[in-house]
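Below: one structure, written as structure tokens.
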Amino acid sequence: AMLDPDRGLSLTIARVVQRLQGSSLHSQLERQARVSLHRPEIKLESLKEDIKEFLKTSGWEKKLQNAVYSELNVFPSPCHPAAPPEHIKEPLAYMRKAQGSWEKRILKSLNSMCTELNIPLAQKRPVNEQKELLNKWNEMGTDEPDLSLFRPVYAPKDFLEVLMNLRNPNYENGEQPSFRNHLGLIQVPLKVKDIPELKEDFSELGLNIGQLGIDDSAQVPPEFFENEHVRVGQKVLAEQDSAAAQQYVRQGCPTALRADLWALILNISNQPEDILYYEQLKSNVIQHDLLVDSLIYKDVKLTASNDDYYFVFEDYLYQVLLCFSRDTSVLEHFAYSSATPPKSYIQGKLGMEEYAVFYPPNGVIPFHGFSMYVAPLCFLYHEPSKLYQIFREMYVRFFFRLHSISSHPSGIVSLCLLFETLLQTHLPQLFYHLREIGAQPLRISFKWMVRAFSGYLATDQLLLLWDRILGYNSLEILAVLAAAVFAFRAVNLMEVTSLAAAEAVLADLSTLKVMPLLQIFLFATVT
């Protein structure tokens, strides 16, 4: 149920206040206010106003604004106060149910691996192993343990099979009025945007607006736009305003400013307490050996280590992903995710809630390709604790939506449906042709979207794409780009006669230029 705006606003304010009360920013603000009492310009008769003024001029008010903005970006708008908490997680019951049974399957796969390999989910490392791990923390990649028996818990294509079988039980035997003509693999009726709505949402990508990532715009000589854009970017950074930074990156980030702009949008400042927290996660990794460590290790070896761009970051990936698996603060995102963290029971206590622990401690079981969410960030951040915080924030804002079943517009189900609808509507001949030869387009594009295109595009292009994910606080652009890639290769695709041949046409995306593709598809397609 929708709330009246005022009621919604007061609920939002209450929630933000509650979230910020326990934060380190709150205690820093209190400390600053106390310190300011000793300053000559603070008068007793106008105490409240003077302290406010001091917090403003000293930059603390900006920090508070950014923290509030960050909360508003991450949390969904409040439901009706009477709505049960599972509605905040996912409003549609059949989606919650499907996510629940998918989680059971993942857990079963994990547990059977434990049993087969006779390895516990978690155990304390012997002291000599702890020392050894500590010594080679910065070169874990040199290790070659035998991982032949470990297999990824699941791969994107297993997940696609699950999504293809989703049905809304209210519509028996395909009687979904407006939806009957949808001939894609996704068979659930969710509302997705059409091109006119997307044009409006992504208006800053229009043909007559300067863009980083477009070399030959007729409107503005690119070097003129770039110099001006860099100047504005420096100003945005000097202002330290998250909202302004988010608006700015919609036109792309200058390479030299990207790391700082993304950190500002994500409200990551790498304070001493953040560095300390990262060190605590690291010591937890050193002390305890988890089964997921081997899964992480194997995933990095199977993906990033074989990638021309990312193999050099192998050691960073282990550090970030091992620490991530231990980070219980990640559990907070389950309040607004359709997923639920898996539970494990202390031996011999199965089903007794007081002996249940979340496993892994962050509640996230990595799948094949998971390490590719971190790899591109290694180009921007070279300090492990900062890299770690940026990744964690990207995960709890965006990436979790790519591997959970939900009706959210940025969730993978909506993205698949948006992709198929765009193709069926705007490239019907191509869509029918591929469908006829058994090469349903989603079978090819699904892995691109689940990985947010990481490992498929050249890195400079990927970063331009991720600029826009941050700028629009939405993953919908992934589906638009996937459709644009098919449009771009349509002539070749019309000639193929099998799924394998279609996959071959789309096997290498590393030469593609993201921004021209998006612009042509959105703004030059006849609708």
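The values are calculated or read from the model by the stated rules, or taken from the named source; none is laboratory data. This is a predicted model, so every value here is computed, not measured. Cβ sites come from the backbone with ideal geometry, for glycine too, and all protein chains shown count toward neighbours. Only protein heavy atoms, including side chains, enter the accessible area calculation; ligands, DNA and RNA are left aside. Shrake-Rupley method; radii C 1.70, N 1.55, O 1.52, S 1.80 Å.
Each Lys or Arg adds one and each Asp or Glu subtracts one; over the other residues with Cβ under 10 Å from the Cβ of Arg443, this totals +1. On the basis of the beta-carbon distance and an R0 of 45 Å, Leu107 and Ala33 show a calculated FRET efficiency of 0.40.
Dipole magnitude for the chain: about 1100 debye, using +1 per Lys or Arg Cβ and -1 per Asp or Glu Cβ, origin at the Cα centre. Averaging over all projection directions, the Cα-based convex hull of segment 5-83 occupies 6.5 nm² in the image plane. Reported value for segment 418-527: 93 Å³ per residue, from the convex hull of its C-alpha atoms.
Here's the list of lysines a cross-link from Lys193 could span, going by alpha-carbon distance under 27 Å and ignoring same-chain residues fewer than 8 apart: Lys89, Lys97, Lys157, Lys447, Lys513.
Fully extending the segment from Ser329 to Asn181, taken as 0.36 nm per residue of separation minus the present Cα-Cα distance, adds 48.9 nm. Per-residue packing, averaged as other Cβ atoms within 10 Å, sorts the ranges 280-289, 455-464 into the order 455-464, 280-289, beginning with the highest.
Each Lys and Arg adds +1 at its Cβ and each Asp and Glu adds -1 at its Cβ; summed about the Cα centre, segment 5-83 shows a dipole of about 180 debye. The simple Förster model, with R0 at 30 Å and r as the Cβ-Cβ distance, assigns Ala504 and Glu144 a FRET efficiency of 0.35. Using the Cβ-Cβ distance between Gln234 and Leu302 with R0 set to 45 Å, the FRET efficiency from 1/(1 + (r/R0)^6) comes to roughly 0.65.
Geometric descriptor of segment 467-527, per residue, is 105 Å³ (volume of the convex hull of the Cα atoms).
Checking the a/c ratio against 1.5 first, then a/b against b/c, what shape does the Cα gyration tensor give for segment 3-148? The shape class here is oblate. When Ser269, Ser58, Ser407 are compared by accessible surface with a 1.4 Å probe, the order from highest to lowest is Ser269, Ser58, Ser407.
Ordering Val230, Val485 by accessible surface, largest first, gives Val230, Val485; the 1.4 Å probe counts only protein heavy atoms, with every chain in place.
A 1.4 Å probe run over the protein chains yields, for the chain, 47 Å² of accessible area per residue, whole-number rounding.
Which of Pro384, Leu427, Ser109 sits closest to the plus end of the dipole of the chain, meaning its Cα is farthest towards the positive end, when Lys and Arg get +1 and Asp and Glu get -1 on the C-beta? Sorting the options by dipole projection puts first Ser109.
Would you work out what percent of the accessible area of segment 5-83, with all protein chains in place, is carbon or sulfur (probe 1.4 Å)?
Looking at segment 5-83 in its full context, I get 58 percent from C and S.
Specify whether the C-alpha gyration tensor of segment 323-467 places it in the rounded, prolate or oblate class, a ≥ b ≥ c being the square roots of the eigenvalues: rounded for a/c under 1.5, otherwise prolate if a/b is larger than b/c and oblate if not. Because a/c hits 1.5 or more and a/b fails to exceed b/c, segment 323-467 counts as oblate. Expressed as a fraction of 2.2 N^0.38 Å, the C-alpha radius of gyration for the chain is 1.03.
Using bins of 5 Å that start at zero, the share of Cα-Cα pairs per bin across segment 390-476 amounts to 3, 13, 21, 23, 19, 13, 6, 2, 0, in whole %.
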